[in-house]
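Q: Okay, handing you the structure first.
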Amino acid sequence: MNLADLTKQLDALAVEARADFELTSRKDDLVQAKNKFLGRKGLVKSMGATVAQLPPEERPAVGRELNRIKDLIEADFDARMLQLDRQELDARLIASSADLTLPPRGESPAGGHPLIQIEDELIRIFRAMGFDVASGPEIETDLHNFEYLNFPPDHPARDMQDTMLVEALAGQQDLLLRTHTSPVQVRTMLKYKPPVRIIAPGVVYRHDHDQTHSPVFRQIECLHVDKGITLSHLKGTLTHFVRALFGAQTRIRLRPSFFPFTEPSAEVDVSCVFCGGEGCRICKQTGWLEILGSGMVDPNVYLACGYDPGEVTGYAFGLGVERVAMLKLGVPDIRTFYENDVRFLEQF
Ligand code: PHE
């Protein structure tokens, strides 16, 4: 066999290889087809074996020919492999349920969560009335959450607050998740001399869970201590507050109540924001809605915090942000605030 014959035969092999590759429809068939030509016992290899029969001066030329054909077949193989890859991807996309030709859903721009919007509004109202904003830790000591606030140890009044305890490490004080933001008032009085006029917004925790109670919720508590503060200041502040929030026609009423840290204490109702006081389903025909707890700070709290009860007096009150938000936004179930369903959130 001479060089010209060999070249012809090799060219024929390349043509045959390409035709074989075209016929394959799976990648492992393609790899097998390639082995038929380029494998260890493949056709190109055995053709190369004939080189030994050629005169030495022709061998380099034959070597070059063999390499040319190998490269050619490799290139055809790669091209076919790419095609098969694409076909496989196309088939997968067609089989999958996602329809990529559907138009996009459109943007949903971020916005403030309704609870935060209401909390901001409440804070704005109190700031405008001259209150400072104070904050404190959510993991509290029993001391700050209860004892300074005139809850005696083991007193049943603690049951009012469905406390969640934090497992204490050796040598640590008794810790709990604060049940109200009143400990912020304690911390403020321990740190600053009177007068104080603060609100304490923040997250609080209670073991309580139903349509109107969440185990994690937000409160804003208020404390105003100075010389000569009376119940009238409390009533005036509350009246102004509910009118700023619900409108100028809103009225309040105080009902006697009990909290360990205030004496006297009062639950505060507002005239129903839905019926204006006529009586409806929401106010259970009473014309009133309960919105917060309040009272004149108990002298024992002043003593515990280092204030002189002979010198100063003051009032305090606390309200639930969720409760206000439910009334203000007409949301009947507190849980919808936490589900983060955009169809709900987008309404506000
Ligand atoms: N700390 C009380 C509570 O969370 C609310 C309150 C605050 C009541 C201040 C009276 C005075 O239940």
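Q: Answer yes if at least one residue in segment 175-190 is under 26 Å from Arg323 (Cα atoms), part of a strand (DSSP E or B) and without any contact (Cβ under 8 Å) to a residue 40 or more places away in the chain, and no otherwise.
A: yes
Q: In segment 313-333, what residues are within 16 Å of the ligand (Cβ to nearest atom) and either open to solvent by less than 40 Å² (accessible area, probe 1.4 Å) or among the hydrophobic types (A, V, I, L, M, F, W, C) (or both)?
A: First, pick out the residues of segment 313-333 that are within 16 Å of the ligand (Cβ to nearest atom): 313-324.
Answer for segment 313-333, where residues must be within 16 Å of the ligand (Cβ to nearest atom) and either open to solvent by less than 40 Å² (accessible area, probe 1.4 Å) or among the hydrophobic types (A, V, I, L, M, F, W, C) (or both): Gly314, Tyr315, Ala316, Phe317, Gly318, Leu319, Gly320, Val321, Glu322, Val324.
Q: Separate question: Is it the case that segment 285-292 has a residue that's more than 16 Å from the ligand (Cβ to nearest atom), open to solvent by 20 Å² or more (accessible area, probe 1.4 Å), without any contact (Cβ under 8 Å) to a residue 40 or more places away in the chain and among the acidic types (Asp, Glu)? Spell out the reasoning first.
A: Going residue by residue through segment 285-292, those that are more than 16 Å from the ligand (Cβ to nearest atom) are 285-289.
Narrowing the set further to residues that are open to solvent by 20 Å² or more (accessible area, probe 1.4 Å) leaves 285-286, 288.
Those left that are additionally without any contact (Cβ under 8 Å) to a residue 40 or more places away in the chain: 285-286, 288.
So of that shortlist, the ones also among the acidic types (Asp, Glu) come out as none.
No; the residues of segment 285-292 include none that is more than 16 Å from the ligand (Cβ to nearest atom), open to solvent by 20 Å² or more (accessible area, probe 1.4 Å), without any contact (Cβ under 8 Å) to a residue 40 or more places away in the chain and among the acidic types (Asp, Glu).
Q: Just the residues that are away from the ligand (no atom under 14 Å from the Cβ), open to solvent by less than 20 Å² (accessible area, probe 1.4 Å) and hydrophobic (A, V, I, L, M, F, W, C), please, taken from segment 226-250.
A: Val242, Leu245
Q: Which one of Arg253, Arg218 is within 14 Å of the ligand (Cβ to nearest atom), in contact (Cβ under 8 Å) with a residue 24 or more places away in the chain and either open to solvent by 40 Å² or more (accessible area, probe 1.4 Å) or within 37 Å of the chain's Cα centre (by Cα) (or both)? Quick ask: steps written out before the conclusion?
A: Numbers: Arg253 fails: within 14 Å of the ligand (Cβ to nearest atom).
One residue alone meets the criteria, Arg218.
Q: Oh, and also: Hey, can you tell me all the residues within segment 163-189 that are modelled with pLDDT of 90 or more and open to solvent by 50 Å² or more (accessible area, probe 1.4 Å)?
A: The one that is modelled with pLDDT of 90 or more and open to solvent by 50 Å² or more (accessible area, probe 1.4 Å): Arg187.
Q: Does Leu149 satisfy the condition of being outside the structural domain of Val203 (by TED's automatic domain parsing), farther than 29 Å from Val331 by Cβ and either of a type in the set (Ser, Thr, Tyr) or open to solvent by less than 50 Å² (accessible area, probe 1.4 Å) (or both)? Give the derivation first.
A: Values: outside the structural domain of Val203 (by TED's automatic domain parsing): no; farther than 29 Å from Val331 by Cβ: yes; either of a type in the set (Ser, Thr, Tyr) or open to solvent by less than 50 Å² (accessible area, probe 1.4 Å) (or both): yes.
It is false that Leu149 is outside the structural domain of Val203 (by TED's automatic domain parsing), farther than 29 Å from Val331 by Cβ and either of a type in the set (Ser, Thr, Tyr) or open to solvent by less than 50 Å² (accessible area, probe 1.4 Å) (or both).
Q: Another question, then. Go through segment 1-54 residue by residue and tally those that are over 16 Å from Met81 (Cα atoms) and of a type in the set (Ser, Thr, Tyr).
A: Looking only at that region, the number is 3.
The values are calculated or read from the model by the stated rules, or taken from the named source; none is laboratory data. These numbers come from a predicted model, not from an experiment. Using ideal geometry, Cβ is built from the backbone for each residue, glycine included, and neighbour counts are taken over all protein chains shown. The accessibility values were calculated without ligands, DNA or RNA, using every heavy atom of the protein model including side chains. Shrake-Rupley method; radii C 1.70, N 1.55, O 1.52, S 1.80 Å.
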